[in-house]
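Chemist: Starting off with a structure, shown below.
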Amino acid sequence: MLKITLEYIPFNPNVSFLMIKQTEVQDRPEYLSFFYTHVYTSIFVLFSGFLAILRKDFGIKNFHRNIGKVYIFLILILAAPSGIYMGFFANGGYLSKMSFVILGSLWWFSTYKAYQAARQKRFKEHKQWMWRSFALTLSALTLRIWKVIIVYLFHPNPMDVYQIIAWLGWIPNILLIEYLITKKHI
């Protein structure tokens, strides 16, 4: 993910994914701001989320609490809203757009619920909502893994792949977490 993020430094609208989003780049001046916000914050969301889920303080007082605050702030204020905006312009037609908007909305909602539970000192509930949030965060990785698998095995049309991975990127993640919560493993 870091390698993907670094492709967009410095700001360059003519690389990688943005090459197939030229209509949005040209017709919607705000699109690049949302795109760069999403891409640049998401790498920090993945990293801070991973550190928060570990629940270790690494010898630093309040490390878990502070890294969790970074994770929550980045998602609620930057990454999820920009992802939702981008979802309205996703490739792959209506099905892909719907998936990415739902994903972004659930990501924001689960993160907010985790924050709210922590503020109210309902830590078991906080932990469960954080796992849901992080499962949705990991969709950035699982989407890419599914893409490789599907393309390698089936060689489908690129837009068909996009419609499939738009859903596979997050639904199995959230179903697994819900199963683990139900079975009281989380």
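Chemist: For segment 2-21, which residues satisfy the criterion of being exposed (fewer than 14 other Cβ atoms within 10 Å of the Cβ) and touching a residue at least 60 places away in the same chain (Cβ under 8 Å)?
Modeler: Ile20, the sole residue that qualifies.
Chemist: Find the residue count for segment 144-162, including only residues that are open to solvent by less than 60 Å² (accessible area, probe 1.4 Å) and under 26 Å from Thr111 (Cβ atoms).
Modeler: 1
Chemist: Of the conditions (1) part of a helix (DSSP H, G or I); (2) open to solvent by 20 Å² or more (accessible area, probe 1.4 Å), Phe89 fails just one. Which one is it?
Modeler: Checking Phe89 against (1) part of a helix (DSSP H, G or I); (2) open to solvent by 20 Å² or more (accessible area, probe 1.4 Å), the one that fails is (1).
Chemist: Also, quick follow-up: Can you find a residue in segment 100-113 that is over 19 Å from Met86 (Cβ atoms), touching a residue at least 24 places away in the same chain (Cβ under 8 Å), crowded, with 18+ Cβ neighbours inside 10 Å and touching a Ser or Thr at 6+ places or on another chain (Cβ under 9 Å)?
Modeler: The answer is no; no qualifying residue exists.
Chemist: If you don't mind, there's one more thing I want to ask. Give just the number: which of (1) under 18 Å from Ser42 (Cβ atoms); (2) open to solvent by 60 Å² or more (accessible area, probe 1.4 Å); (3) hydrophobic (A, V, I, L, M, F, W, C) does Ile165 not satisfy?
Modeler: Answer for Ile165: the failing condition is (2).
The values are calculated or read from the model by the stated rules, or taken from the named source; none is laboratory data. Everything numeric in this text was worked out from a predicted model, so none of it was measured. Using ideal geometry, Cβ is built from the backbone for each residue, glycine included, and neighbour counts are taken over all protein chains shown. Please note that ligands, DNA and RNA were not included when accessible areas were found on the heavy atoms of the full protein model with its side chains. Shrake-Rupley method; radii C 1.70, N 1.55, O 1.52, S 1.80 Å.
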